[in-house]
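J.: Got a structure for you, written out below as structure tokens; questions coming shortly.
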Amino acid sequence: MVAVAHGSRDPRSAATVAELADEVRRQHPGLDVRVSFLDLSAPRLPDVLAGVAAEGHRRAVVVPLLLGHAFHARVDVPGEVAKAARRHPQLAITTAGVLGGSPLLEAAALDRLAAVTGPLPDPGLGVVLAAIGSSHAPA
């Protein structure tokens, strides 16, 4: 599994992605989990996929840690995966869906809010999760 996040100049972002990967490894000890980024952080997705291929793996699943179907999900990730597939034809690469729209994401946001604020007794309480906008209306 190759998790791919956007990347950030703020090192806390990469550290958070690494913590997420550590948690996945903890819950699934037999799963080979790698972290990669599209921009601003290292390692970059093409480099990680090249490493996976060089180690002789036959399959990889790229998991975009993105909230919506904007440019990175529609263009960057598929483009990098297509390039890697051409460079490493022995490696079958599939791409999972983005995180956005998942009830698990909402539950995780509520859990995080409760961890910071304490119990959330109001079942009607909502959480607003904001991300950078997109010129792609469906995103």
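The values are calculated or read from the model by the stated rules, or taken from the named source; none is laboratory data. What you see is a predicted model; the values in this text were computed from it and never measured. Cβ atoms come from the backbone with ideal geometry, glycine included; neighbour counts cover every protein chain shown. Areas reflect the complete protein model, heavy atoms only, side chains present, ligands, DNA and RNA absent. Shrake-Rupley method; radii C 1.70, N 1.55, O 1.52, S 1.80 Å.
J.: In degrees, nearest 10, range 0 to 90: what is the angle between the Cα axis of helix 103-117 and the longest Cα principal axis of the chain?
T.: That helix lies at roughly 50 degrees to the long axis.
J.: When Lys and Arg each count +1 and Asp and Glu each count -1, what net charge do the other residues less than 14 Å away from ALA21, Cβ to Cβ, add up to?
T.: -1
J.: Taking 8 Å as the Cα distance limit and 6 or more residues as the minimum spacing, I'd like the relative contact order of the chain as a percentage. Mind dumping the intermediate values first?
T.: Details: 172 pairs, mean separation 33.0, N = 139.
Once normalised by length, the contact order is 24 percent.
J.: Helix-only estimate, please: 222 nm mean residue ellipticity of the chain, summing -39500 (n - 2.57) across DSSP H runs of length 4 or more and dividing by its residues, to the nearest 500.
T.: The helix-only estimate for the chain comes to -12000 deg cm²/dmol at 222 nm.
J.: Output ³J(HN,Hα) for the stretch 69-81: one whole-Hz value per residue in order, computed from phi by the Karplus curve 6.51 cos²θ - 1.76 cosθ + 1.60 with θ = phi - 60°, and x for Gly and Pro.
T.: 3J(HN,Hα) across the stretch 69-81, in whole Hz: 9, 8, 3, 4, 6, 8, 10, 4, 4, x, x, 5, 5.
J.: Nearest 10 degrees, 0 to 90: what angle lies between the long axis of helix 11-27 and the longest principal axis of the chain (Cα atoms)?
T.: That helix lies at roughly 80 degrees to the long axis.
J.: Next question, about the same structure. Mind checking the angle between helix 45-54 and the chain's longest principal axis? C-alpha axes, 0 to 90 degrees, to the nearest 10.
T.: 50
J.: Sequence-distant or interchain residues sharing an amide H contact under 5 Å with PHE37, placed H: which?
T.: The answer is ALA5, ARG44, LEU45.
J.: Something else now. Given the options ALA15, ALA92, ALA53, which has the most mean-square fluctuation in a GNM of the chain, springs set between C-alpha atoms less than 10 angstrom apart?
T.: ALA15
J.: What is the percent carbon and sulfur in the accessible area of the stretch 1-112, measuring with a 1.4 Å probe over the protein chains and ignoring ligands?
T.: Here it works out to 57 percent.
J.: Another question, then. Write down the radius of gyration of the stretch 1-108 and its Dmax, each obtained from C-alpha positions, in Å.
T.: Values for the stretch 1-108 (Cα only, Rg and Dmax): 13.4, 39 Å.
J.: Looking at the chain, what % of its DSSP beta bridges pair antiparallel, to the nearest 5?
T.: On the way: 0 of 12 bridges.
Among the beta bridges of the chain, antiparallel pairing accounts for roughly 0 percent.
J.: Pull up all non-local amide H partners of VAL62: gap of 5 or more, or a different chain, and H-to-H distance under 5 Å with H placed in the peptide plane.
T.: VAL2, THR94, THR95, ALA96
J.: Counting pairs of Cα atoms in the stretch 49-118, how many percent are more than 21 Å apart?
T.: Everything past 21 Å amounts to 43 percent.
J.: Further question: Rolling a 1.4 angstrom probe over the protein heavy atoms, how many square angstrom per residue are accessible across the chain?
T.: 64
J.: Which FRET efficiency value, to the nearest 0.05, do you get for ASP111 and ALA42 by plugging their Cβ-Cβ distance into 1/(1 + (r/R0)^6) with R0 = 25 Å?
T.: After rounding to 0.05, the efficiency reads 0.25.
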